[in-house]
Amino acid sequence: MLSEITSWILPVTVTSIFAFGFFKKVKVFDNFRVGALKGLRTVYEILPSIVCLVVAVTMLTESGAMELIGNAMKPVADLFGVPSEVTPLALMSSVSGGGSITVFESILKSHGPDSFIGRVASVIAGSTETTFYAITVYYSAVAVRNTRHTLYVGLFADFIGLVLSSFFVRICQ
């Protein structure tokens, strides 16, 4: 039943848009072409930033630098009561959504989803933002070169999410 309804959503939506445009005497196809051209220009403008981010993430991960940073963060994680096993997830989630999913799956496989570490990892996965990716894409799309305080506030929010995830999981156990 549900699959029958969902299979009609897109065709009905597109037909409705064309019908509305027809009755309002809007040149729908011409406007579609203009929008598609703007979308392609946006992709062209942000593509170098995305490629740079992907290369940087790959270099950090494959070189072992991400692991070194995680090990260096262990004393800070211990200070705030965060399991050191989730620090690689916290680091990766600020940079790459796909990379953080891989780290998250690894944590769940090795510690289990119902363990304290698995629950903290689940909360982190659901409460953090890919800060670097968001800044790269959104600021590149509107040609902002000076991010000012965005990076610091985003990373601080990720840090608070990391600390509070451990805190609230510990309270709710």
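The values are calculated or read from the model by the stated rules, or taken from the named source; none is laboratory data. Just so it is clear, the structure is predicted and the values come from calculations on it, not from any experiment. We place every Cβ from the backbone using ideal geometry, glycine too, and count neighbours over all the protein chains shown.
The listed residues are Ala143, Ala134, Ala90, Ala125, and the only one of them that is in contact (Cβ under 8 Å) with a residue 24 or more places away in the chain, within 30 Å of Ile46 (Cβ to Cβ) and surrounded by fewer than 16 Cβ atoms within 10 Å (Cβ to Cβ) turns out to be Ala143.
From the list Ile107, Ile171, pick out the single residue that is over 16 Å from the mean Cα position of the chain (by Cα), among the β-branched types (Val, Ile, Thr), part of a helix (DSSP H, G or I) and more than 21 Å from Asn71 (Cα to Cα). Matching residue, one of Ile107, Ile171: Ile171.
When Thr42, Thr61 are checked against the criterion of being among the hydroxyl-bearing types (Ser, Thr, Tyr), within 30 Å of Arg170 (Cβ to Cβ), out of contact with any Leu (no Cβ under 7 Å at 6 or more places or on another chain) and surrounded by 14 or more Cβ atoms within 10 Å (Cβ to Cβ), a single residue qualifies: Thr61.
Screening Phe167 on (1) in contact (Cβ under 8 Å) with a residue 12 or more places away in the chain; (2) in contact with a helix residue (DSSP H, G or I) (Cβ under 9 Å, 6 or more places away or on another chain) shows it passes everything except condition (2). Screening segment 1-84 for helices (runs of 4 or more DSSP H) wholly inside it with 1 or more residues that are under 26 Å from Ser100 (Cα atoms), of a type outside the set (A, V, I, L, M) and without any contact (Cβ under 8 Å) to a residue 40 or more places away in the chain returns the ranges 28-63, 65-72, 74-79. Filtered by the rule that a residue be within 27 Å of the chain's Cα centre (by Cα) and not aliphatic (A, V, I, L, M), segment 1-60 gives Thr6, Gly35, Lys38, Gly39, Arg41, Thr42, Tyr44, Glu45, Pro48, Ser49, Cys52, Thr58.
When each of Phe80, Phe168 is tested for being modelled with pLDDT of 80 or more and loosely packed, with under 14 Cβ neighbours inside 10 Å, the lone residue that passes is Phe80.
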